[in-house]
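The block underneath contains the structure these notes are about, expressed in structure tokens.
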Amino acid sequence: MSKALDGVRILDFTHVQSGPTCTQLLAWLGADVIKVERPGEGDATRAQLRDVADADSLYFTMLNHNKRSLTLDTKDPIGKEVLETLIRYCDVLVENFAPGALDRMGFTWQRINELNPRMIVASVKGFGPGPYEDCKVYENVAQCAGGAASTTGFDDGPPMVTGAQIGDSGTGLHLALGIVAALYQRNSTGHGQKVLAPMQDAVLNLCRVKLRDQQRLERTGTMHEYPQYPDGKFGEAVPRAGNASGGGQPGSILKCKGWETDPNAYIYFITQGAVWPAVCKVIGEEGWITDEAFKTPAARLLHLKPIFARIEQWTMTKTKFEAMDILNKYDIPCGPILSMKEIAQEPSLRETGTIVEVDHPTRGKYLTVGNPIKLSDSPTEVTRSPLLGEHTEEVLAQLGYNAEQVALMRAKKVI
Ligand code: CAO
């Protein structure tokens, strides 16, 4: 079966997490992704957080599936010539170097545009234009600068970063969308363009409900779905809301049977207005259906703490899965807190290709997260990440270099 991005060639100049997530997605959608890496060392993540000696780390393998690897010293004059040939050959250059690194290498937007006016140049940077545009940035810096950390955690604790890699993988997703849109626009304009996804901006985009709340707070001085209401105080900025639901339907994380020993024996419970009578029946508080203090959503907002405490008395008598079974019968929205161990073993995620087992020549079998985006006419087959320089000869031959030229490059350590 054909793939959505068949025929699209990506010059993948990315490293670490943000850029590689983007190009991995493009590869899963069918693009030919050629990862350009420094000879001898390659992407730094190959050697980071290693769990198998001398084998590429899971950090690297899980972010670089379905790609080809070409080693090339792009600071060497011969390496620069090869890079120029690659720029002419490819449709998109994706990079996430520190600000200015590509220019310092001699590949400014103008130069790339001269070499290939159809090329799309897509970049992840920590910040967009402004006071921090020259800064190097990693995941948690973006989470802090994008509004995620100040709004995550509990009211009486410090700002908190989340385990979801919204700064890196979140930005990679944004960049991938920008690239696909630029490819689409190129069909009518005939020329490439620059695509920039700053990590701060991507995190802020994912935190847009908190900017919504900032404005609500400034207008009304209070927000009734936040745990600070009705007893606590609101300050000038959106506070941390613990596990309160971010929307109009109050929710909370509640203990389930076994919580004393299992750190994940919890369930997320949402008291959606439409199923309030069902909630009352399940927990044995039928009187609350007609009680003035609990009858309407607005009245309940004044009593969320005792309401959730009472529901928790019920959830603590059930495992999270027993509670799910019962609550789902009544259409009460809820979700188990799943550990990574449970997710890794979940058969339905294996069946849909969201959790995939991959075989790797030096590290053996490992689990990875497959393509979460499912296209009915462009299925994804996850293949292992390339070894460093595994496709150097193959790619150079495709670019028109003969064996003698390749041998010379190898002798000069350009590849
Ligand atoms: N051949 C020769 N040189 C190469 C090369 C190649 N194939 N590939 C990279 N290089 C060079 C670069 O040109 C750069 O050289 P200069 O410093 O002389 O210009 C050098 O390698 C290092 O690049 P870098 O500064 O990007 O790498 P770093 O490890 O120092 O910084 C990071 C890493 C992520 C902080 C930085 O790249 C960055 O801020 N990127 C943008 C934001 C981003 O994507 N962050 C998320 C990373 S995932 O958490």
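The values are calculated or read from the model by the stated rules, or taken from the named source; none is laboratory data. Since the structure is predicted, the reported quantities are computational estimates derived from the model, not experimental observations. In this analysis, Cβ positions are derived from the backbone assuming ideal geometry, glycine residues included, and neighbour counts consider all displayed protein chains.
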Given the condition over 23 Å from the mean Cα position of the chain (by Cα) and surrounded by 17 or more Cβ atoms within 10 Å (Cβ to Cβ), answer yes or no: does some residue in the range 340-358 qualify? no
Filter the range 75-90 down to the residues that are buried (at least 19 other Cβ atoms within 10 Å of the Cβ) and touching a helix residue (DSSP H, G or I) at 6+ places or on another chain (Cβ under 6 Å) and list them by number. ILE87
Qualifying residue in the range 384-394 (condition: without any contact (Cβ under 8 Å) to a residue 12 or more places away in the chain, surrounded by fewer than 19 Cβ atoms within 10 Å (Cβ to Cβ), in contact with a strand residue (DSSP E or B) (Cβ under 7 Å, 6 or more places away or on another chain) and closer than 25 Å to ALA47 by Cβ): no
Picked from the range 82-99 (must be within 13 Å of the ligand (Cβ to nearest atom) and of a type outside the set (A, V, I, L, M, F, W, C)), the residue farthest from CYS135 (Cα to Cα) is GLU95
Does THR74 count as modelled with pLDDT of 95 or more, under 24 Å from GLU393 (Cβ atoms), of a type in the set (Val, Ile, Thr) and within 13 Å of the ligand (Cβ to nearest atom)? yes
Would you mind stating whether ALA53 is free of Cβ contacts under 8 Å to residues at least 12 places away in the same chain and in a loop (DSSP other than H, G, I, E, B)? yes
Testing GLU114 on (1) of a type outside the set (Lys, Arg); (2) within 8 Å of the ligand (Cβ to nearest atom); (3) free of Cβ contacts under 8 Å to residues at least 12 places away in the same chain, one condition comes back false. Which one is that? (2)
Within the range 9-43, which residues are of a type in the set (S, T, N, Q), touching a strand residue (DSSP E or B) at 6+ places or on another chain (Cβ under 6 Å), within 10 Å of the ligand (Cβ to nearest atom) and assigned to a helix (DSSP H, G or I)? SER18
Six or more apart or on different chains, Cβ atoms under 7 Å: show the pairs whose first residue is in the range 202-227 and surrounded by 14 or more Cβ atoms within 10 Å (Cβ to Cβ) and whose second is among the hydroxyl-bearing types (Ser, Thr, Tyr) and at pLDDT 95 or above. ALA202/THR171; CYS207/THR151; LYS210/THR151
